[in-house]
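To keep things clear, I will list the structure first and then write my remarks on it.
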Amino acid sequence: MALFRYSVYRSLFKVCQQISQKQLAARTISRWVAPTLRELEKRRKKAGPKPLQHRSTFLEWNYDAELYAFGKRIGEEFNRDLLQRALVHKSYVIQQEMKGNPNDSFSNFEDNSELIKEGENLIVDRIMRKYKDVYPNLVTSAICTYLTSKTMLAHVASYMGVKDIILCADFPVEESTLANTFKAITAALNQTNTDRTDMFIDDFLICQIHNKDIFEIWDVKNPYELLVQLSKEKGVSDIEARLCNQSASNTILANYQVGLYSNKKLLGIGWGESIDTAKETAALDAIRKLQNFSV
Amino acid sequence: MYEDICEGMVLHGEIIHQDDEAILMRLIEKVTAKKSNLVTPSTTCQPNDLDELTPEILPSTSHDADYYEHVGMCYPNASDASWKPGFKCVLNMSNSHLFLVPKFIKTPSQNGVGRYVCQLQRVVLKFCKSIGNCRGMREFIEYDLVNYAKENPGTVVYLKPRRHRGPVICAEYLNGEKQTIFCHNFSREEIGKWLNLVKTQSGNHDGTRLRKLWHTDYPSIQGPWTPYTFRDPNLNLVEFPNSDLSRPLNQPKTATEELLEIFKKQQVDSSLENNRAE
């Protein structure tokens with residue numbers, strides 16, 4: 001259809017060109033051109049923007065080459081069939097069956113639902129193993145939730161370039177589909193070469209917490225109580241909160257500085273618009289110092 | 001007088017006419033650029049067919065790369081290898097082109113923290129097999145393309161021969177951006193350089209400028225300012241109310257104070273002189 005449109009358009013201007021060549025002596029463009037263009041513009045505006053087209057509908061598209069390049073791009077050797085299977089979603093298989101072509105070249109493979117489950121376990125397992133000994137359980141689970149969130153996985157997957165080669169029914173590809181694809185790819189890699197899986201997860205997913213503040217990832221509900229609890233485990237007791245400074249109280253710019261001390265040693269210091277918030281900020285600072293957070 | 005006006009009108013008419021022709025040429029170029037060589041041209045145009053015309057082949061209000069190509073100006077680019085001395089550069093004085101979009105240096109998706117991923121996912125080389133301005137492109141394809149593809153296995157390279165159309169490099173990045181580079185009369189080396197640029201870029205940086213040539217994750221080591229930063233430690237021991245601190249800081253000296261100061265200075269000077277005399 002698109003080709004037809006172009007051809008119509010091209011012919012319109014060929015006619016236009018021919019006419020203008022004939023009337024070269026007059027040095028004008030035929031009087032019908034401007035109104036026609038105006039009408040075209042009007043109709044274009046009325047029709048609205050052109051719907052998005054999947055990359056695979058383009059003339060220059062080679063799925064095999066794309067699959068090969070995908071593996072090379074992320075620097076992993078995949079079993080081709082497994083990689084192919086990781087990219088076929090259940091929705092695609094169902095769609096093909098509904099269309100009545102179950103003998104489609106991709107439907108020979110099963111869909112990736114099993115791989116998704118396996119991949120999810122692999123990812124969670126890797127994150128837990130990496131941070132279990134370093135941070136307390138609360139933090140580890142927070143990091144795990146952050147990294148395995150749909151948005152994060154989809155972000156990672158899309159920057160690996162899977163968006164165009166996923167076979168699924170939804171277009172444009174949804175976040176959940178992208179996230180699932182990442183899990184399936186992890187599982188496919190694990191089945192191809194078990195040694196590479198951890199490195200793959202580290203390099204693509206876990207590196208996303210690089211340069212992130214720990215409290216952007218971990219939302220602490222009652223920092224002061226948690227600090228008391230954590231410091232008890234570390235053998236620090238008698239935490240005392242002191243008001244170090246205050247300024248502009250009773251105004252909209254009121255601010256307080258609270259320090260948390262134990263045995264005359266400063267654990268953490270924080271600011272806030274009220275004494276309570278300042279105390280909480282101080283507690284967060286103390287937790288950060290106590291746990292040596294480098295994230 | 002009358003003739004002058006007439007002449008002016010004619011001139012004016014010509015100018016308009018040229019503009020129109022430019023628009024038409026642009027349209028034709030756009031149409032031809034969008035099409036592959038498979039199209040069968042039809043000579044008639046039914047009114048009903050006009051509905052089917054696609055929007056992007058009509059003139060857009062903002063000039064894009066196609067336009068630059070048409071008016072024959074060098075397309076400005078962030079790291080420009082194509083600026084040729086002696087190539088005529090026309091400034092397009094539309095308001096949207098007076099300023100480049102400001103950008104910061106950034107790495108997409110922590111690239112390189114774990115491992116480096118080439119951000120160019122595919123590149124399409126469009127060319128004609130016979131036209132003269134594609135010569136460089138054809139030579140590149142003949143001699144260098146296989147090496148380029150071998151060196152970058154993560155990038156899919158497509159070739160798209162089209163009859164009687166200029167050479168174009170069409171790059172697609174992992175962030176979904178697309179970049180079109182028109183390679184009219186480019187030599188084989190130039191094509192290679194542009195492809196190298198495209199390979200090393202993280203996205204389409206056309207029409208942008210960098211606000212800073214550096215980036216830091218820690219713009220301040222000291223941290224944000226608070227009312228307690230750099231506070232005089234003496235203030236910790238002061239008892240309030242304090243008459244000294246309650247005084248306005250910018251109060252000028254009184255005449256008495258100034259006189260007293262002069263008197264003190266005189267005394268110091270005289271004592272010094274006495275010391276010297278002794």
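The values are calculated or read from the model by the stated rules, or taken from the named source; none is laboratory data. Being a predicted model, the structure only gives us computed values, none of them experimental. Ideal geometry is used to build each Cβ from the backbone, glycine not excepted, and the neighbour counts take in all protein chains shown. All accessible areas refer to the heavy atoms of the entire protein, side chains included, with ligands and DNA or RNA removed. Shrake-Rupley method; radii C 1.70, N 1.55, O 1.52, S 1.80 Å.
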Long-range amide H partners of residue B:159 with built H, under 5 Å: B:125
In nm, spacing of pseudo-spin labels at residue A:32 and residue B:149 (7 Å Cα→C-beta vector): 4.7
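How do A:66, B:239, A:120, A:273 rank by accessible surface area computed with a 1.4 Å probe, from largest to smallest? Walk me through the numbers on the way to the answer.
On the way: A:66 5, B:239 150, A:120 85, A:273 125 Å².
My answer, sorted largest first, is B:239, A:273, A:120, A:66.
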Could I have the simple spin-label model distance between residue B:275 and residue A:216, label points 7 Å from Cα toward Cβ, reported in nm to one decimal? 6.3
Under 5 Å from the placed amide H of residue A:169, counting only residues 5+ away or on other chains, we find A:91, A:92
Considering only A:138, A:82, A:59, give the residue with the highest GNM mean-square fluctuation for chain A, with springs between Cα atoms whenever their separation is below 10 Å. A:59
Give me a comma-separated list of calculated 3J(HN,Hα) values for segment A:212-226, in order, Karplus coefficients 6.51, -1.76, 1.60 applied at θ = phi - 60°, integers in Hz, x for any Gly or Pro. 9, 6, 4, 7, 6, 8, 10, 8, 8, 7, 10, x, 5, 5, 5
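Using the alpha carbons of segment B:103-210, what is the convex hull volume per residue in cubic angstrom, as a whole number? Spell out each step's value before the answer.
Values: hull volume 10.7 nm³, N = 108.
Expressed per residue, the convex hull around the Cα atoms of segment B:103-210 is 99 Å³.
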List, in order, the whole-Hz ³J(HN,Hα) value for each residue of segment B:190-197 obtained from phi through the Karplus relation with A = 6.51, B = -1.76, C = 1.60 and θ = phi - 60°; use x for Gly and Pro. 4, 4, x, 5, 5, 5, 5, 4
With chain A treated as a Gaussian network of Cα nodes joined by springs under 10 Å, which of A:277, A:57, A:36 yields the largest mean-square fluctuation? A:36
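How about segment B:152-234: which trypsin sites (Lys or Arg not before Pro) there are in a DSSP loop, with at most 15 other Cβ atoms within 10 Å of their Cβ? List each step's numbers first, then the result.
Values: sites: B:162, B:163, B:165, B:178, B:188, B:193, B:199, B:209, B:211, B:212, B:231; in loops: B:162, B:163, B:165, B:211, B:212, B:231.
Within segment B:152-234, the qualifying trypsin sites (Lys or Arg not before Pro) (loop, at most 15 other Cβ atoms within 10 Å) are B:163, B:211, B:212, B:231.
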Check residue B:121: other-chain or 5+ apart residues with amide H under 5 Å from its amide H, H built from backbone geometry? B:172, B:173, B:174
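Full-extension gain between residue A:55 and residue A:291, please, as 0.36 nm times their residue separation minus the C-alpha to C-alpha distance. Before the final figure, lay out each step's value.
On the way: separation 236, 0.36 × 236 = 84.96 nm, distance 4.82 nm.
Gain on extension, residue A:55 to residue A:291, equals 80.1 nm.
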With label points built 7 Å along Cα→Cβ from the Cα atoms of residue B:260 and residue B:217, find their separation and express it in nm. 5.9
Which lysines, on any chain, are close to residue B:253 with Cα under 27 Å apart, when same-chain ones fewer than 8 places away are left out? B:264, B:265
